[in-house]
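Only one structure is covered here, and it is reproduced in the block below.
The values are calculated or read from the model by the stated rules, or taken from the named source; none is laboratory data. The model shown is predicted, which means the values in this text are computed figures rather than measured ones. Note: ideal-geometry Cβ built from the backbone for every residue, glycine included; neighbour counts use all protein chains shown.
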Amino acid sequence: MKVESGMTEMVEFPIEETDKIMDAMEQAEKAGDLKALQWCARFLRWLWDEGGIVSVDDYCYNEGLFNKMWDSLLKADPAPETIAAIINRKDGPKPPTVADAEKALDTVKAFFEENIPHKAIAAALSSVDAMRDAVKTAGAGK
């Protein structure tokens, strides 16, 4: 890593595409799929060539330009079938589950128990219990 004037410069890669390629490489390696590994290497090299140097003054890559180039590259050189599902998956935030909501409410309850004076805690915990009931009702409707 090169450090100048106290600032570290790094190469910028888009996380979703890089993550997919890394997952595909792992699968291809386990399967001994040389064709898929070669495809991944080509695409990692392209990301490296396109990746910009990230600095405080200039760290934004034109998203529209990248997406257009990435899509055309995938059309011209599609992923081998053995890794196509990984490369073509649509990553994004997953909706919270009932378990996620209950865990969050447990955290809120613990916060209240730690930070609210004993006399006022009953009202706060009652609100948490009401939210927990609402979460369970919403979860049962799915």
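Can you tell me which residues in the stretch 94-116 are in contact with a helix residue (DSSP H, G or I) (Cβ under 7 Å, 6 or more places away or on another chain) and free of Cβ contacts under 8 Å to residues at least 40 places away in the same chain? Ala101, Glu102, Leu105, Val108, Lys109, Phe112, Glu113, Ile116 - these are the residues of the stretch 94-116 that are in contact with a helix residue (DSSP H, G or I) (Cβ under 7 Å, 6 or more places away or on another chain) and free of Cβ contacts under 8 Å to residues at least 40 places away in the same chain.
Summed over the stretch 69-88, residues that are part of a helix (DSSP H, G or I) and over 13 Å from Ile21 (Cα atoms) total 7.
Across the stretch 94-131, the qualifying residues are those that are basic (Lys, Arg) and part of a helix (DSSP H, G or I), and the one among them that is modelled with the highest pLDDT is Lys103. Taking first residues from the stretch 119-137 that are farther than 15 Å from Ala104 by Cβ and partners that are hydroxyl-bearing (Ser, Thr, Tyr), no Cβ contact under 8 Å between residues at least 6 apart in sequence or on separate chains turns up. Do we have Asp91 as acidic (Asp, Glu), part of a loop (DSSP other than H, G, I, E, B) and either farther than 25 Å from Glu17 by Cβ or modelled with pLDDT under 85 (or both) here? Yes: the conditions hold for Asp91.
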